[in-house]
Amino acid sequence: MRGILLAAGYGRRFDPDGQRSKLLAPMADGRCVAAHAAQALCAALPGSLAVIRPGQHALATVLRDAGCEVLESTGAEGGMGHALADAVRASAGADGWLVALADMPWLAPDLIRAVAAAVRTPDDIAAAAFAGRRGHPVAFGAAHRAALCALNGDQGARELLGSGSLHRIDSPDDSVLRDIDRPEDLPPTPAPENE
């Protein structure tokens, strides 16, 4: 199972002017959003592949430091579907793919492993869920390679998730649904202690 971290979005809801990257925004412990997501994914699936747009040098460094291989995808500018298709094509020999989003920094490695382990046959699809709602990450067996490679636009694999039997892995919390879309989604950073 190859981990794929989608980190190629523009984050326009976070900063419509494109001056601040939500993926590089610091969390309470000082590590940025993307570092949290990448480190959790690589703890579960070492050597995961992160997809970024060309020219995102600071983000590429963060992702490599977290243990990811980085793929600069020119197609990623066309949306999430293009980015995911490029990542699957770049890891064509994998027996499946687990897809995580770089703006979801609260996922636990154990949950990621559980979703990956639920894909036991090439036809299987699995996804994390909380309170009956499907979330991320999602995982696909090797039989879905052609469909994943054909994705385009910004829809990602949503239609594919509805096309067959989906194994839902229940999460103990809502981390599988929570992402960083706007600055107010970031947890507050603690105030410095007075000496």
message = When the residues of the range 1-29 are narrowed to those that are assigned to a loop (DSSP other than H, G, I, E, B) and open to solvent by less than 30 Å² (accessible area, probe 1.4 Å), which ends up modelled with the highest pLDDT?
response = 7
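Select from the range 103-132 the residues that are part of a loop (DSSP other than H, G, I, E, B) and in contact (Cβ under 8 Å) with a residue 40 or more places away in the chain and list them in ascending order. Can you show your working first?
Within the range 103-132, the first condition is being part of a loop (DSSP other than H, G, I, E, B), and the residues that meet it are 103-108, 118-124, 131-132.
Across the range 103-132, the qualifying residues are 103, 104, 105, 106, 107, 108, 118, 119, 123, 124, 131.
Is there a residue being among the hydroxyl-bearing types (Ser, Thr, Tyr) and in a helix (DSSP H, G or I) anywhere in the range 30-49?
Of all residues in the range 30-49, those among the hydroxyl-bearing types (Ser, Thr, Tyr) come to 48.
Filter once more, keeping what is in a helix (DSSP H, G or I): none.
No, the conditions are met nowhere in the range 30-49.
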inquiry  = For the range 68-87, give me each residue that is more than 13 Å from the chain's Cα centre (by Cα), among the aliphatic types (A, V, I, L, M) and open to solvent by 30 Å² or more (accessible area, probe 1.4 Å).
reply    = 71
query = In the set 40, 90, which member is out of contact with any helix residue (DSSP H, G or I) (no Cβ under 7 Å at 6 or more places or on another chain) and either open to solvent by less than 10 Å² (accessible area, probe 1.4 Å) or of a type in the set (A, V, I, L, M, F, W, C) (or both)?
reply = 90
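The values are calculated or read from the model by the stated rules, or taken from the named source; none is laboratory data. As the structure is a computational prediction, the values presented were derived from the model and not from experiment. Every residue, glycine among them, receives a Cβ derived from its backbone with ideal geometry; neighbour counts consider all protein chains shown. Each accessible area value is taken on the protein alone, full model and side chains, heavy atoms only, with ligands, DNA and RNA left out. Shrake-Rupley method; radii C 1.70, N 1.55, O 1.52, S 1.80 Å.
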